[in-house]
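The values are calculated or read from the model by the stated rules, or taken from the named source; none is laboratory data. What you see is a predicted model, and the numbers here were worked out from it, not measured in a lab. Cβ sites come from the backbone with ideal geometry, for glycine too, and all protein chains shown count toward neighbours. Ligands, DNA and RNA are stripped out before the accessible areas are found, and what is left, the full protein with its side chains, is counted by its heavy atoms. Shrake-Rupley method; radii C 1.70, N 1.55, O 1.52, S 1.80 Å.
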Amino acid sequence: MSEVKIAAETRTEFGKGAARRIRRADKVPGVLYGHGSDPIHLTFPGHELLLALRTPNVLIALDIDGKSNELAIPKSVQRDPLKGFLEHVDLQLVTRGEKVQVEIPVQAEGELAPGGNLLEYVLDALPVEAEATHIPEGVTVSVEGLAAGASVLAKDIKLPSGVTLAVEEDAVVLQVLAAQAEEAPEGAEEGEEAAEA
């Protein structure tokens, strides 16, 4: 996984008014937590941060006030529910070689068995533990030929080297459901019976 470098500035103003002023300047307020240190309140460039957060669990190399070079991963991202712009971000401080727990996206590939079956994502993200600088972007699971009633468990998913499950091995990740036939409206059945009589 590649690192994305972002220049951040410490902030001393807090509250809704300060956050609005920061956002009007096309910046995003945020907090850096971790390693038992006090939280650091930061301001990030809005567009750069938005692009970086398109990659799940992106590793961000922070240049804070032009001096320190800290590594962090996103922990919580708040977006405007209507317009989608970033409102606030929480980052977790990490170090090279450190193991972190994250959720990675699950993607299915292949065709289910014939018969109109439906694939249900019980977990759309798989909790795993990985080194902070080697977090996989996601996992792909083959569902080729699976019939109704079949399921894929966490232990069935092949993980990259150095990545371990952070969920029960028997946790269901995907399951195949039988397609349900549409029920005829009640009035139609009675009308058919009357026509037969």
ask   = Do the alpha carbons of any pairs in 75/158; 5/99; 83/158; 5/83 sit beyond 31 Å of each other, and which pairs?
value = 83/158
ask   = Sequence-distant or interchain residues sharing an amide H contact under 5 Å with residue 88, placed H: which?
value = 78
inquiry  = To test your reading of the geometry: what angle, between 0 and 90 degrees and rounded to tens, separates the Cα axis of helix 186-196 from the longest principal axis of the chain?
reply    = 10
ask   = Given a cut-off of under 8 Å on Cα pairs at least six residues apart, what relative contact order in percent is computed for the chain?
value = 17
message = So, for the chain, what is the accessible surface per residue at a probe of 1.4 Å, expressed in square angstrom?
response = 61
ask   = What distance in nm separates the simple spin-label points at residue 155 and residue 103, each placed 7 Å from Cα in the Cβ direction?
value = 2.4
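Can you compute the helix-only [θ] at 222 nm over the chain? Use -39500 (n - 2.57) per DSSP H run of at least 4 residues, normalise by all residues, nearest 500 deg cm²/dmol.
After summing the helix terms and dividing by residue count, I get -4000 deg cm²/dmol.
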request  = Scan around residue 28 for amide H atoms under 5 Å from its own, H built in the peptide plane at 1.01 Å from N, and keep only partners 5 or more places away or cross-chain.
outcome  = 44, 46
ask   = Relative to the present Cα-Cα distance, how much length would full extension add between residue 67 and residue 96 at 0.36 nm per residue of separation?
value = 8.6 nm
remark   = A correct Karplus calculation of ³J(HN,Hα) over the stretch 156-163, with 6.51 cos²θ - 1.76 cosθ + 1.60, θ = phi - 60°, whole Hz and x for Gly and Pro, returns 7, 8, 7, 9, x, 4, x, 10
ask   = residue 113's amide H: which non-local residues (gap 5+, or another chain) put their own amide H closer than 5 Å, with H modeled 1.01 Å from N in plane and none for Pro or chain starts?
value = 145, 146, 147
inquiry  = Please report the accessible area of residue 44 (heavy atoms, 1.4 Å probe, ligands and nucleic acids excluded) in Å², nearest 10.
reply    = 0
The stretch 36-83, relative contact order [Cα under 8 Å, separation at least 6], % = 23
message = Given a 10 angstrom Cα cut-off, can you work out which residue in 113, 72, 154 is the most mobile in a GNM of the chain?
response = 113
message = Please list, in order along the stretch 90-101, the HN-Hα scalar couplings obtained from phi with the Karplus expression 6.51 cos²θ - 1.76 cosθ + 1.60 (θ = phi - 60°), rounded to whole Hz, x for Gly and Pro.
response = 10, 10, 9, 5, 9, 10, 4, x, 6, 8, 10, 9
inquiry  = If you take every DSSP beta bridge fully contained in the chain, what fraction is antiparallel? Give it as a percent rounded to 5.
reply    = 75
